[in-house]
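The values are calculated or read from the model by the stated rules, or taken from the named source; none is laboratory data. Computed from a predicted structure; not experimentally measured. Glycine gets a Cβ as well: all are built from the backbone with ideal geometry, and neighbour counts include every protein chain shown.
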Amino acid sequence: MTVPVLVVGAGPTGLTAAAALRDLGVPCRVVDRRPGPGIAPKGLVLWSGALECLHRLGVAEKIAETALPLTGASYWSNGRRLAGARFGGLTGTAFPGPLCVPQPATERALHARLTELGGTVEWDTEVTAVTVNRGGPAESATVTLRSARGEETLTVPWLIAADGARSLVRDSVGIPFEGHTFDRMFLIGDGRLEGAPAEAEVQHHIAPDGVLVIVPQPDGHRVFFDMEPDGQTEPPTEELLQRLLDERGPGGLRLHSTWWASRFRVHAKVAPRFREGPVLLAGDAVHAHTTAGGQGLNTGVQDGYDVGWKLASVVRGADPALLDSFEAERRPASVRAVANGDQQTQMWLLRNPAARLLRNTVLRLLSATGLLEKKAIPLLAQLDLDHSGSPAVADLDGAAAVPRALRLGRRAPDLALAPVHGTRAQSLHAYLSAGRHTVLVYGAPRSVSKVAPAGELAARAAAVVGERGVGDIVRVLWIQPADATPADLPQDGAGFAVAREAGDALGGAGAPWCAYLRPDGVVAARSGPAGLDALLSRLPSRPPRITPVPVVGP
């Protein structure tokens, strides 16, 4: 059987994409030029949006076991605290605050999950050439691989490029990388930091000659500095890191037992296109971030999940136009994340005394009014992105009946549920955490109008799902109003679950309505009963290419 997808790169982005593909019943081949999983603890912080993606793949809990929940961030100048923001206050998510966990732990968890799903990574396998084939009945990509086994050339229907900032795939298909590189050199050291506060707070010490960032880790701390380029390329010595720590820090801190150090340049770049025919690029291959806020790792994980579920859906019969939404949705998110990190870094590097005074005054004001916490944290969390302009979302016939709580193109809100049949989920988010396409039907057991009762709509949706053979990745959930009278429950083989709303967020017992929620929890379509068939036409329509691993969950 021809493998429909080749994933190039087995970092967090590529592993997320590969796990999402296999989790949705689509085989893929994964190659990486490295000899094995990464050991450099590059990215440290996982925010809520990325954690929700990892949770759908079944790895977030494993990662959280060794992670350190961060409590907040503070900004200092001349030894005085300017501003602060507390973490952990986000609502409507199982991950209200960021977790600090070195990147290798995230990669190990994803690699283990890919293995559980029957996938493998071909290490020491390098892509040396990529050509996009056009003009035939279907586009494809021809790829040349080089490994210890020799050279291999293969043609694949789809290619996901997650091969990093120096992406050979991106260069091969002619996509530029636009943006700028900071003229400062940046230094990182991970080790033990004596004298550091016990609280897990990220500290930013902004001095006239540079910045010091201190990030608590599960087993130590990271210190981060900028400096004038000195022509050196080797990792910084512990002595140099300590000298900068003494010059810019609050005093009384001693760094020792460093286990990793790096010297590097930082960039703020985004590719103008994320796709070239059958080649889809994700992660660092299409966006390069400064270290501020830890946005690179998080944006890459969300890229990987997005391209994974969308490509799996298309391979399994969804409209190929769905892939047009990958760039339409992920590039604006990437531009925003890169710009946010760029602005933070520019703020750190201000040298003009008047500009520094203005920055400090603004930070004090934002902190005192609570705006720093209110505005900055949701931006960093990347939790509720607006996809209302995406080509993959649409209102259908009768959508006006759907309550405002379910906003088109936005992540579905959490709703308290009372399980009735076929599910144990006590909230909508818990039900959606399996990462499946969900047809949501709402209404009372007995219709209050001349249209079909909600139960009949749920049964019709479940029948279509069964006929198409996509029950492994599509679920049907009938939510009854909280005050609904009991109804005859469906038999176990009916193919849909029933829950009662535990609140009144959906508006009570009115005319029934339907919604399609994507694997990422976004409301992709809304309709009344008359639009159900059009809504169902947006779903995959082919059986799995591989034997799916049973989903364990609500």
For this session: Tell me which residues, restricted to region 329-369, are of a type in the set (V, I, T) and more than 28 Å from the chain's Cα centre (by Cα).
Result: T361, V362, T369
Exercise. When you look at A511, is it surrounded by fewer than 24 Cβ atoms within 10 Å (Cβ to Cβ) and in contact with a Ser or Thr (Cβ under 7 Å, 6 or more places away or on another chain), yes or no?
Worked result: yes
Problem set entry | Test set (1) more than 32 Å from the chain's Cα centre (by Cα); (2) among the basic types (K, R); (3) surrounded by 19 or more Cβ atoms within 10 Å (Cβ to Cβ) - R222 fails condition number | (1)
For this session: Identify, from the list R108, R86, the residue that is out of contact with any strand residue (DSSP E or B) (no Cβ under 6 Å at 6 or more places or on another chain) and farther than 30 Å from P540 by Cα.
Result: R108
Exercise. Out of curiosity, is L68 buried (at least 22 other Cβ atoms within 10 Å of the Cβ) and either closer than 20 Å to V223 by Cβ or not hydroxyl-bearing (S, T, Y) (or both)?
Worked result: no
For this session: Please go through region 435-474 and pick out each residue that is in contact with a Phe, Trp or Tyr (Cβ under 8 Å, 6 or more places away or on another chain) and free of Cβ contacts under 8 Å to residues at least 60 places away in the same chain.
Result: A454, G455, A458, A459, A462
For this session: Tell me, please, whether a residue that is hydrophobic (A, V, I, L, M, F, W, C), touching a Gly at 6+ places or on another chain (Cβ under 9 Å), surrounded by 22 or more Cβ atoms within 10 Å (Cβ to Cβ) and more than 28 Å from T91 (Cβ to Cβ) can be found in region 489-507.
Result: yes
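Mind listing whichever residues of region 382-396 are touching a residue at least 24 places away in the same chain (Cβ under 8 Å) and more than 25 Å from H267 (Cα to Cα)?
D384, D386, H387, G389, S390, P391, A392, V393, A394, D395, L396
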Exercise. Where residues in region 7-39 are surrounded by fewer than 22 Cβ atoms within 10 Å (Cβ to Cβ) and in contact with a Pro (Cβ under 9 Å, 6 or more places away or on another chain), which of them is nearest to S140 (Cα to Cα)?
Worked result: P27
Exercise. Hey, does region 362-376 have a residue that's touching a Phe, Trp or Tyr at 6+ places or on another chain (Cβ under 6 Å) and under 30 Å from L44 (Cα atoms)?
Worked result: yes
Problem set entry | Some residue of region 240-249 being surrounded by 21 or more Cβ atoms within 10 Å (Cβ to Cβ), under 24 Å from L383 (Cβ atoms) and either free of Cβ contacts under 8 Å to residues at least 40 places away in the same chain or touching a Lys or Arg at 6+ places or on another chain (Cβ under 9 Å) (or both) | no
For this session: Specify which of the listed residues (G300, G308) is out of contact with any strand residue (DSSP E or B) (no Cβ under 7 Å at 6 or more places or on another chain), within 21 Å of F177 (Cα to Cα) and assigned by TED's automatic domain parsing to the domain that holds V173.
Result: G300
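Please tell me if T485 is of a type in the set (S, T, Y) and either part of a strand (DSSP E or B) or on the phi > 0 side of the Ramachandran plot (or both).
Spelling it out, it is not the case that T485 is of a type in the set (S, T, Y) and either part of a strand (DSSP E or B) or on the phi > 0 side of the Ramachandran plot (or both).
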Problem set entry | Criterion violated by W123 - all others in (1) crowded, with 19+ Cβ neighbours inside 10 Å; (2) farther than 21 Å from Q295 by Cβ; (3) of a type outside the set (A, V, I, L, M) satisfied | (1)
For this session: Output yes when any residue across region 414-429 is in contact (Cβ under 8 Å) with a residue 24 or more places away in the chain, among the β-branched types (V, I, T) and assigned to a loop (DSSP other than H, G, I, E, B), and no when none is.
Result: yes
Exercise. When you go through R166, R170 one by one, which is the residue that is under 30 Å from V127 (Cα atoms), in a loop (DSSP other than H, G, I, E, B) and not assigned by TED's automatic domain parsing to the domain that holds L245?
Worked result: R166
Exercise. Right, I473: in contact with an Asp or Glu (Cβ under 7 Å, 6 or more places away or on another chain) and either under 15 Å from P419 (Cβ atoms) or modelled with pLDDT of 95 or more (or both) or not?
Worked result: no
Exercise. Of all residues in region 191-213, how many are surrounded by fewer than 23 Cβ atoms within 10 Å (Cβ to Cβ), among the hydrophobic types (A, V, I, L, M, F, W, C) and within 25 Å of the chain's Cα centre (by Cα)?
Worked result: 2
For this session: Could you please let me know if A452 is part of a loop (DSSP other than H, G, I, E, B), modelled with pLDDT under 95 and more than 29 Å from Q382 (Cβ to Cβ)?
Result: yes
Exercise. Which residue pairs have Cβ atoms closer than 8 Å, lie 6 or more positions apart in sequence or on different chains, and pair a first residue in region 82-95 that is touching a residue at least 12 places away in the same chain (Cβ under 8 Å) with a second residue that is among the aromatic types (F, W, Y) and part of a strand (DSSP E or B)?
Worked result: L82/Y75; L82/W76; A83/Y75; G84/Y75
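In the same structural domain as K310 (by TED's automatic domain parsing) and either among the β-branched types (V, I, T) or part of a helix (DSSP H, G or I) (or both), is that true of T131? Give the derivation first.
Numbers: in the same structural domain as K310 (by TED's automatic domain parsing): yes; either among the β-branched types (V, I, T) or part of a helix (DSSP H, G or I) (or both): yes.
Answer is yes for this residue.
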Exercise. In region 46-75, which residues are modelled with pLDDT under 95 and aromatic (F, W, Y)?
Worked result: none
Exercise. Looking at region 495-515, is at least one residue hydrophobic (A, V, I, L, M, F, W, C) and under 26 Å from the mean Cα position of the chain (by Cα)?
Worked result: yes
